[in-house]
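J.: I'd like to ask you about the structure that follows.
The values are calculated or read from the model by the stated rules, or taken from the named source; none is laboratory data. In this text the structure is predicted, and so the values were computed from the model without any measurement. FYI the Cβ positions are ideal-geometry reconstructions off the backbone, even for glycines, and counts take in every protein chain you see. Remember, those area values only see protein heavy atoms, side chains included, never the ligands or the DNA or RNA. Shrake-Rupley method; radii C 1.70, N 1.55, O 1.52, S 1.80 Å.
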Amino acid sequence: MVTLSIEALRIDLGGRAILHGIDAEMRSGSLVGVIGPNGAGKSTLARAVTGLLRSSSGRVAIDGTNVRAFSPADLGRRIAYLPQGQTVHWPLTAERLVALGRLPHLAPFSAMARADRDAVERAMARADIGGLRDRVVTELSGGERARVLIARALAAEAPVLVVDEPLAALDPGHQLELMDLMRAEAEAGTLVLLILHDLAMAARFCDRLLLLHQGRLIADGDPGAVLIPEYLSDCYNIRAWTGTIEGQAVVLPIERSSPPGAAKLR
Ligand SMILES: Nc1ncnc2c1ncn2[C@@H]1O[C@H](COP(=O)(O)OP(=O)(O)OP(=O)(O)O)[C@@H](O)[C@H]1O
């Protein structure tokens, strides 16, 4: 069981505040979605959680220890991170790329042990990329490569998994498969922090949503409590239909709504 605490976190970049005093606590076994419009600070939060950014004040801690206090390998065993829109420049096979996910577990210059090879196999099976094993990743389609990168993150078998907008390159079937996989990871005990633009997927699969807007945490709670007309209008400038179809939550943007106080164009 791990506890990830974001405590009064403030991040400044380029001389301005990007995140303003974010507070949230999360535990193993949950699928937490981070949503918010472009530029809200979602990726910045992911980079702070994974120890890549120094906070101006406040901190992110795992079980009480500041993430910035861990060595890279120690932190890599605790948090697996798949950044947004990752590109792969080296012509590695998919299997070799997934194996890179085991690096935090290896002593310098040492070969993978049986346990590492087993973890790579498990990750490839969970991401359903066994058929791509020997393919060169630079020759894969965008969606195939995205699934290989998910497998690399899974191979770390870290208790915390942070994935930044993984759905963009995937077709609808693979989007549902990926969300099922993230759900299964959470049910198996991982704390999954998932940055998402797709509000319907967020509503349907996440246990909890953090809604960011202009670097502030506007709402934190059940999807039903966060995806309400007031927040959707204030943060995204949209009016949306929310409801259920065949028992599944659906959020369907209908039209742009005017920002508060703005004159209507029509
Ligand atoms: N290194 C940087 N220096 C200055 N400003 C930055 C830097 N990185 C990000 N920002 C700014 O911080 C704000 C938040 O960026 P961030 O990437 O966290 O947003 P986001 O919510 O992930 O957006 P998107 O949905 O578009 O990916 C943006 O205004 C961005 O321009």
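J.: Mind putting a number on the dipole of segment 1-117 about its Cα centre? Charges go on the C-beta only, +1 for Lys and Arg and -1 for Asp and Glu, and I need it in Debye to the nearest 20.
T.: Once rounded to the nearest 20, the dipole reads 200 debye.
J.: What are the semi-axes of the equivalent ellipsoid for the chain, taken as the square roots of 5 times the Cα gyration tensor eigenvalues, largest first, in whole Å?
T.: 32, 23, 16
J.: Rounded to the nearest 20 debye, what is the charge dipole size of segment 153-215 about its Cα centre when +1 sits on each Lys and Arg Cβ and -1 on each Asp and Glu Cβ?
T.: It works out to roughly 220 debye.
J.: Can you tell me the alpha carbon radius of gyration of segment 59-168 divided by the globular rule-of-thumb value 2.2 N^0.38 Å?
T.: With N residues counted in segment 59-168, Rg over 2.2 N^0.38 Å equals 1.07.
J.: Sum -39500 (n - 2.57) across every DSSP H segment of at least 4 residues in the chain, then divide by the residue count to get the 222 nm mean residue ellipticity, nearest 500. Don't jump to the answer; show the numbers that get you there.
T.: Values: 8 runs with 75 residues, N = 266.
The helix-only estimate for the chain comes to -8000 deg cm²/dmol at 222 nm.
J.: Restricting to Cα atoms and excluding each atom paired with itself, what does the Kirkwood estimate give for segment 157-266 in Å?
T.: Roughly 15.2 Å, rounded to one decimal.
J.: Now a separate question. Please report the net charge: other residues with Cβ closer than 10 Å to the Cβ of MET179, K and R +1, D and E -1. Intermediate values should be presented prior to the final figure.
T.: Numbers: positive: ARG183, ARG204; negative: GLU177, ASP180, ASP198.
That sum, taken over residues with Cβ under 10 Å, equals -1.
J.: Follow-up question, since we're still on this one. Would you mind pulling out the separation of the Cα centroids of segment 108-172 and segment 46-85, in Å?
T.: What the calculation gives is 21 Å, centre to centre.
J.: In addition: By the scheme Lys and Arg +1, Asp and Glu -1, what is the net charge of all other residues having a beta-carbon under 13 Å from that of VAL148?
T.: Its environment carries a net charge of +2.
J.: How big is the Rg/Rh ratio for segment 28-92, C-alpha atoms only, Rh by Kirkwood, two decimals?
T.: Taking Rg over the Kirkwood Rh, I get 1.00.
J.: Quick check for you: with a 1.4 Å probe and neighbouring chains kept, what is the accessible area per residue of segment 3-256, in Å²?
T.: Details: 11750 Å² over 254 residues.
Normalised by residue count, the accessible surface of segment 3-256 is 46 Å².
J.: Along the charge dipole of segment 119-266, Cβ charges K/R +1 and D/E -1, which of LEU170, ILE150, ALA127 sits furthest on the positive end?
T.: Sorting the options by dipole projection puts first LEU170.
J.: Report the one residue of GLY247, THR65, THR3 whose Cα lies farthest in the direction of the positive end of the charge dipole of the chain (charges on C-beta: Lys and Arg +1, Asp and Glu -1; origin at the Cα centre).
T.: Result: THR65, furthest along the dipole toward the positive end.
J.: Please state the charge dipole magnitude for the chain, taken about the Cα centre, from unit charges on C-beta atoms (+1 on K and R, -1 on D and E), reported in debye and rounded to the nearest 20.
T.: In total the dipole reaches around 700 debye.
J.: Give, as a single signed number, the net charge of other residues whose beta carbon lies under 15 Å from the beta carbon of SER55, with Lys and Arg counted +1 and Asp and Glu -1. Display every interim value, and only then the final one.
T.: On the way: positive: ARG10, ARG16, ARG47, ARG54, ARG59, ARG68; negative: GLU7, ASP12, ASP23.
So the surrounding residues net to +3.
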